[in-house]
Structures are given as C-alpha cells and as structure tokens.
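A quick write-up on the structure given underneath.
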C-alpha cells in the first residue's frame with residue numbers, strides 16, 4: 001500500500017506542479033512588463049480562480065465516486081463516472097464563458113477598486129483567458145476519473161505537453177510578438193484547449209458508452225453541491241484578500257500576486273499526497289476496508305507535515321532571492337518581504353491540512369468539509385483581511401488572515417479524522 005501511495009503521489013505531484021509552474025513562469029514574464037501588468041494579472045487570475053470553483057466537483061467528486069467503484073471491483077462503472085463528469089464539464093464550461101464575458105468589466109472594476117490602468121489590464125487578460133473554461137473543466141474531469149481508477153501515466157503526459165507548450169509561447173507572444181499582457185492570456189488559452197482535447201481522446205479510448213446519463217449526473221451534482229459551496233468559501237476569502245491588497249496600492253497587489261502564486265504553487269504540490277489519499281481511501285472504503293482507510297489517513301498526514309516543513313525551509317532560505325525572480329521594483333520587493341514570514345510560517349501546518357483534506361474528500365465526507373471551510377473562510381480569513389485594511393496593518397495583516405484560515409481548518413480536520421463518522425463503507429459515501 002505504501003508503494004501505491006508513493007506512486008499515486010508522485011504522479012499527482014507532476015500533474016499538480018505543471019500548472020502552477022506555468023503560472024509562475026507567466027507571472028515572471030508579465031512581472032517584467034511593470035507593476036500595472038502584474039497587478040492586472042493578479043486580479044484577473046483571482047477572478048478566473050473564482051469561476052473555476054464550478055469545476056471542483058468534476059475533479060474531486062469524480063475521483064471519490066470513481067475510486068469507490070474501482071475498489072469494489074467495477075472499473076467500467078468508474079470510467080462511466082468520468083464520461084458523465086465530462087458532459088457536465090462541457091455544459092458548465094460553456095455557461096461560465098457566457099457569464100464571464102458578460103461580467104468581465106464590472107467584476108474587474110470591483111476587484112481593482114475602480115476603473116483605471118490596472119483594471120483595464122485585468123479585463124483584457126480575463127476576456128481572452130475565460131474562453132478556455134470548457135477546456136479547464138475537461139482537464140479537471142479527466143484527472144478526476146483517471147485518479148479514481150489509479151491510472152498515473154496519461155495525466156502526467158497530457159498536462160506536461162499542454163503546459164509546456166504554453167510556457168514556451170508566453171514569452172514569445174508577450175515579448176517577441178509584441179502582444180504584451182494579452183499574449184500571456186493567449187498562451188494560457190492554448191494550454192486549456194489542448195489539455196481538454198487530449199483528455200477527451202483518452203476518455204473515448206477507455207469508455208464503452210459515451211452518451212449522457214442523467215441519473216449519474218444528478219448524483220454527481222448532489223455531491224458537487226457541497227464541494228462548490230466549499231470552493232466558493234475559498235474564493236470569497238481569496239477575492240477579499242485581493243481586493244483589500246489592491247486598495248492598499250499597486251505595490252501591495254503586485255506583491256500579493258507574487259505571494260499567492262507561490263502559495264498556490266506550493267499548495268498544489270502539497271496536495272499530491274491529498275490526491276493519492278482521495279483515490280486510495282475511496283478504494284479502501286469501496287472495498288469495505290475501514291482499518292486500511294484509517295491507516296492511510298495517518299500515513300499521508302505524516303508525509304504532509306514533513307513536506308510542508310521542507311517547503312518552509314526552502315522559502316525561508318530564499319527570502320532575499322526568490323522575489324527578485326518576479327519583479328525588479330523596489331516597492332514591490334519591500335511588500336513581498338513583509339508577507340514572507342507569514343507565508344513561510346504556515347507551511348508545515350498547511351501540509352497536514354491538505355493531506356487530511358484529501359482523506360475526507362476521498363471518503364465522501366464533503367458535508368463536513370463544506371461547513372468547516374465556510375467557518376474558517378468567513379469567520380477567520382475574511383474578517384482578519386478586512387481588519388488589515390481598516391486598521392492599516394498592511395499586506396502582513398492580509399497574510400495573517402490566511403494563516404488563521406489554515407489553523408481553523410487544521411483543528412477541525414484532526415478532530416474529525418480521529419473519529420469514525422467519515423468511515424462509511426460501500427460504493428456510495
């Protein structure tokens with residue numbers, strides 16, 4: 001079991017690393033266009049992340065449901081979960097494109113604190129990038145069912161090809177072609193469309209039946225309801241932080257963008273253990289092995305703590321050097337150094353939080369996860385972030401809110417995992 005956990009974690013690590021690595025490259029490319037372009041990217045990428053919350057259930061929900069079928073010895077039913085999740089991805093993705101284009105101006109104006117150069121940059125980037133949302137959701141659905149049936153090689157190849165091409169295109173379009181910030185959005189769009197197409201091809205090869213099945217899609221939406229509320233709580237808090245940082249000044253929102261890209265990059269890498277836990281815990285419970293599911297939970301928790309501590313050590317050592325990769329502005333560098341201690345200090349706890357998050361989602365305990373995340377986001381993160389603006393605590397106060405968000409979730413997840421209510425056996429959580 002440990003070998004399988006390592007194999008799935010390694011595969012998930014590569015898949016999860018590809019997208020944030022591309023975003024880090026993109027942030028570095030855009031950062032040298034100046035603070036306005038970097039601030040615009042920060043606002044637009046936060047808005048894209050908000051719209052992507054609808055894809056949470058087609059990834060995590062599909063992994064949990066497919067893994068239970070796989071563990072119970074029904075791999076065909078597991079792949080069928082992927083087919084129906086992909087239909088949902090296409091339908092929801094098309095609706096998100098229409099919604100995003102209609103509200104691009106008002107939403108970017110709201111987040112930027114008014115019309116201006118930063119808001120205009122954010123809107124122009126967002127209008128191009130949002131066209132690729134169906135591809136984004138297809139990639140999430142594809143990763144979901146493949147993790148559920150423990151196929152590790154194909155997702156790695158697909159994601160590396162799509163994001164690798166986009167990483168090469170970004171500097172070429174931004175600088176060589178002279179397109180500027182919009183070149184970054186076009187490179188992003190290429191990755192989204194190509195990734196979605198490749199996952200669709202893999203699904204056609206694996207599935208016996210490709211027609212939509214309303215009964216299965218309804219069941220996925222029921223589970224997805226709690227996952228979407230959970231993800232919405234995340235994004236409300238993160239958008240609040242971006243809006244507060246934008247109102248503090250251009251240097252603050254630019255530094256916040258650097259910090260958030262590094263945070264999201266690290267969080268997704270730490271999530272590699274959580275992804276493995278989703279698949280293996282779901283399969284264990286589908287096969288009625290409660291003892292095995294509990295043992296996996298604490299094994300992945302230990303690995304999560306050590307991984308978080310390792311990342312903290314790397315970022316602490318890079319305090320003086322890492323921010324320089326993203327900007328040459330002295331004002332932005334100063335603000336980045338103010339948030340750095342909060343960023344580094346929370347990482348060991350975050351490693352444990354992400355690991356147990358995967359355990360409980362894999363078990364289908366999404367109702368509890370929804371409630372805990374809403375409490376942590378709306379009761380700790382958002383209020384502390386707003387207080388940072390009111391009390392003039394600066395960017396450090398914003399990141400203190402993020403730290404509180406991690407701590408509240410940590411306490412709730414540890415208590416839940418020590419109990420038995422999440423250990424529901426069978427093919428349905």
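For the range 311-323, the criterion of being modelled with pLDDT under 85, surrounded by 14 or more Cβ atoms within 10 Å (Cβ to Cβ), touching a helix residue (DSSP H, G or I) at 6+ places or on another chain (Cβ under 9 Å) and within 25 Å of residue 413 (Cβ to Cβ) is met by none of the residues. If the condition is being farther than 14 Å from residue 263 by Cα and in contact (Cβ under 8 Å) with a residue 60 or more places away in the chain, then the range 299-325 contributes 299, 300, 301, 303, 325.
Among the candidates 42, 82, the residue that is within 21 Å of the chain's Cα centre (by Cα) and more than 26 Å from residue 233 (Cβ to Cβ) is uniquely 82. Where helices (runs of 4 or more DSSP H) fall wholly inside the range 1-90, the ranges with 3 or more residues that are modelled with pLDDT of 85 or more and closer than 21 Å to residue 365 by Cβ are 62-71. Residue 212 meets all of the listed conditions (1) in a helix (DSSP H, G or I); (2) farther than 22 Å from residue 128 by Cα but one, namely (1).
Pairs are defined by a Cβ separation below 9 Å, a sequence spacing of at least 6 or placement on different chains, a first member in the range 355-375 that is in contact (Cβ under 8 Å) with a residue 60 or more places away in the chain and at positive phi, and a second member that is crowded, with 23+ Cβ neighbours inside 10 Å and in a helix (DSSP H, G or I); the pairs so defined are 364/61; 364/64; 364/65; 364/68; 364/282; 364/285.
Here the range 396-422 is the region considered, the condition is being more than 22 Å from the chain's Cα centre (by Cα) and surrounded by 17 or more Cβ atoms within 10 Å (Cβ to Cβ), and the residue that is nearest to residue 294 (Cα to Cα) is 417. Residue 93 satisfies every condition listed in (1) in a helix (DSSP H, G or I); (2) within 23 Å of residue 241 (Cβ to Cβ) except (2). The residues of the range 140-171 that are assigned to a helix (DSSP H, G or I) and without any contact (Cβ under 8 Å) to a residue 12 or more places away in the chain, listed by number, are 157, 168.
Against the test of being touching a residue at least 60 places away in the same chain (Cβ under 8 Å), crowded, with 24+ Cβ neighbours inside 10 Å and over 28 Å from residue 285 (Cβ atoms), the options 71, 39, 55, 61 yield a single qualifying residue, 39. What about residue 135, is it touching a helix residue (DSSP H, G or I) at 6+ places or on another chain (Cβ under 9 Å), closer than 22 Å to residue 47 by Cβ, surrounded by 20 or more Cβ atoms within 10 Å (Cβ to Cβ) and touching a residue at least 40 places away in the same chain (Cβ under 8 Å)? Taking the combined requirement at face value, the residue satisfies it.
The values are calculated or read from the model by the stated rules, or taken from the named source; none is laboratory data. These numbers come from a predicted model, not from an experiment. Note that each Cβ is placed from the backbone with ideal geometry, even for glycine, and that neighbours are counted across all protein chains shown.
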